[in-house]
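One structure is given below, encoded as structure tokens.
The values are calculated or read from the model by the stated rules, or taken from the named source; none is laboratory data. It should be emphasised that the depicted structure is a prediction, and the values quoted were computed from it without experimental measurement. Heads up, the Cβs are rebuilt from the backbone with ideal geometry, glycines too, and the neighbour counts pull from every protein chain shown.
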Amino acid sequence: MFWKKKESYAITAVDVGTSKIAVAVGELRPDGSLVLLGVGESPATGIRKGEIVDFQLAQQAVEQALADAEAKTECMIQYVYLSLTGVHLEPKTIRLKTQIDSEDHRITAEHVERLNEQLENYAIPSEHEIIHSAVQHYYIDNDSPTADPIGLNSQSLEASYHIVHGLRTRLETLFRCVMELDVKVVHYALSSYASSQAILTKQQKGLGAVVIDMGAGITDYLVYADGAVAHTGVLAVGGDHVTQDIALGLKLPFSKAEQLKIKHGNLYADNERPNARITIEKDMNSDERSIYVESLSKIMNLRVRETLELIRDEIDSKGLWSQISGNVYITGGASQLPGLQRLANEVFPVPVQLVHEFLLEGDQTYNKRPDLSTALGLLRYAQFYDLQHERPTGWARLRRSMQDVLAAMRIF
């Protein structure tokens, strides 16, 4: 159900990434439309591979990004939506079943609720909490799928769910990092799911699609099949690892390797100039050097190819490629590497599209920033979530605070 809004107000999305903190602020209008007001940013510190490793440094970075967002949008941020990522997150697809024990074997809302209760009690590692759960399909007798089972007759009702669970301590650290800044977390979303909201239409989800968000330290991906989330994954590899490989392979400091990647990096060398070289200028710590462009391209190509092949093979192991009639969509800061389109088309069995632009009304400064895909997608998620949940008048009272959500998750 969508609630009518009587007045415009701001909603905020916070993405705690490896290289930066991004805080996207939008205005939600009474007609339900979203207008981007601006994005606050701060270099990330104390964060490795999408997870907090130094609490104080990370919290300072989040505080700076929030302050930057407030200054740019002239909004006081009190409530936010938060993205979740990290290699501790584990996806799983499960199937649950209940018998229809009434005389007429008619499925009611109570039977659906029984499945939901089974899901709540589903056994996961004791140190984990479920952070994402979505029903994929319902099934009645003879394994017949249905989108809405209520009112149908069947001996039993089954449902398949995609769930993601993660370490409670890692989640607790991230939530505390934000909430101790006197900011309340309204809700949260898996980073790959947030990115997909910025990229995919309902029709594209129905065709089946893969969304890959290549960040600095993490690559998140998500698979849609038959309009439902079929699989998700997180790889502890991103643009920083390409830089690290360059540094190791060419025996350069990390900072110089990063500059080399940004200025001259390409996943493919120019065949017409096979012996082309790049001169690395002399500085206080090293002499002038000359390296082959082909060597740089080969190092970068191998790392990115390996990353994409890991995703391809994982999707193949789940038997999902046959259910994907759409495209692979690649976004994120590391997706800007020259040659990525060509490489991805060599790796994946379906067409590939790089997504470097987002259609959002309002401030157009950030619409061509693929490194903001998660933050902007999370803002879109916040728009949909907010429209489906009644909000009492004024910001002072939320229908359900994040403390209640965390208590339900048994994190706090």
Inside the range 57-89, can you point out the residues that are of a type in the set (S, T, N, Q) and either in contact with a Gly (Cβ under 7 Å, 6 or more places away or on another chain) or closer than 19 Å to GLY238 by Cβ (or both)?
THR73, SER83, THR85
Which residue is nearest to ASP15 (Cα to Cα), if the candidates are limited to the range 160-176 and must be surrounded by fewer than 18 Cβ atoms within 10 Å (Cβ to Cβ) and β-branched (Val, Ile, Thr)?
THR173
Applying the selection to the range 10-19, what residues are under 17 Å from the mean Cα position of the chain (by Cα) and farther than 14 Å from LEU376 by Cβ?
VAL16, THR18, SER19
Does the range 193-208 contain at least one residue that is part of a strand (DSSP E or B), modelled with pLDDT of 95 or more and surrounded by fewer than 24 Cβ atoms within 10 Å (Cβ to Cβ)?
no
Subset of the range 165-190 (residues that are part of a helix (DSSP H, G or I) and hydrophobic (A, V, I, L, M, F, W, C)):
LEU171, LEU174, PHE175, CYS177, VAL178, MET179
Would you check if there is a residue in the range 142-164 being β-branched (Val, Ile, Thr), touching a Ser or Thr at 6+ places or on another chain (Cβ under 9 Å) and part of a helix (DSSP H, G or I)?
no
Filter the range 319-347 down to the residues that are outside any helix (DSSP H, G or I) and under 20 Å from the mean Cα position of the chain (by Cα) and list them by number.
LEU320, ILE324, GLY326, ASN327, VAL328, TYR329, ILE330, THR331, GLY332, LEU337
Residue among ILE315, ILE324, ILE330 that alone is crowded, with 18+ Cβ neighbours inside 10 Å, within 20 Å of VAL223 (Cβ to Cβ) and touching a Gly at 6+ places or on another chain (Cβ under 8 Å)
ILE324
Please work out if GLN99 is within 24 Å of LEU28 (Cβ to Cβ), surrounded by fewer than 20 Cβ atoms within 10 Å (Cβ to Cβ) and either touching a helix residue (DSSP H, G or I) at 6+ places or on another chain (Cβ under 6 Å) or among the polar types (S, T, N, Q) (or both).
no
Scan the range 245-259 residue by residue and report those that are touching a residue at least 12 places away in the same chain (Cβ under 8 Å) and within 28 Å of the chain's Cα centre (by Cα).
ASP245, ILE246, ALA257, GLU258
Do the conditions hold for MET179, that is, is it more than 17 Å from the chain's Cα centre (by Cα) and either buried (at least 22 other Cβ atoms within 10 Å of the Cβ) or outside the structural domain of SER325 (by TED's automatic domain parsing) (or both)?
yes
Counting only residues that are under 17 Å from PRO149 (Cα atoms) and of a type in the set (A, V, I, L, M, F, W, C), the range 71-127 contains a total of 6
Could you list all residues from the range 80-94 that are surrounded by 20 or more Cβ atoms within 10 Å (Cβ to Cβ) and either aromatic (Phe, Trp, Tyr) or over 20 Å from the mean Cα position of the chain (by Cα) (or both)?
TYR81
Looking at the range 222-230, is at least one residue part of a loop (DSSP other than H, G, I, E, B) and at positive phi?
yes
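For every residue, the table says whether it meets (1) modelled with pLDDT under 95; (2) β-branched (Val, Ile, Thr); (3) out of contact with any Lys or Arg (no Cβ under 8 Å at 6 or more places or on another chain).
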{"position": "GLY332", "(1), (2), (3)": "no, no, yes"}
{"position": "GLU361", "(1), (2), (3)": "yes, no, yes"}
{"position": "LEU378", "(1), (2), (3)": "no, no, yes"}
{"position": "PHE384", "(1), (2), (3)": "yes, no, yes"}
{"position": "PRO392", "(1), (2), (3)": "yes, no, no"}
{"position": "SER401", "(1), (2), (3)": "yes, no, no"}
{"position": "ASP404", "(1), (2), (3)": "yes, no, yes"}
{"position": "ILE411", "(1), (2), (3)": "yes, yes, no"}
Kindly indicate which of LEU66, LEU157, LEU152 is more than 22 Å from TYR224 (Cβ to Cβ), surrounded by 14 or more Cβ atoms within 10 Å (Cβ to Cβ) and assigned by TED's automatic domain parsing to the domain that holds ILE21.
LEU66
Which of (1) at pLDDT 95 or above; (2) over 30 Å from HIS165 (Cβ atoms) does TYR224 not meet, given it meets every other one?
(2)
How many residues, within the range 98-135, are assigned to a strand (DSSP E or B), more than 26 Å from GLY166 (Cβ to Cβ) and out of contact with any Lys or Arg (no Cβ under 7 Å at 6 or more places or on another chain)?
2
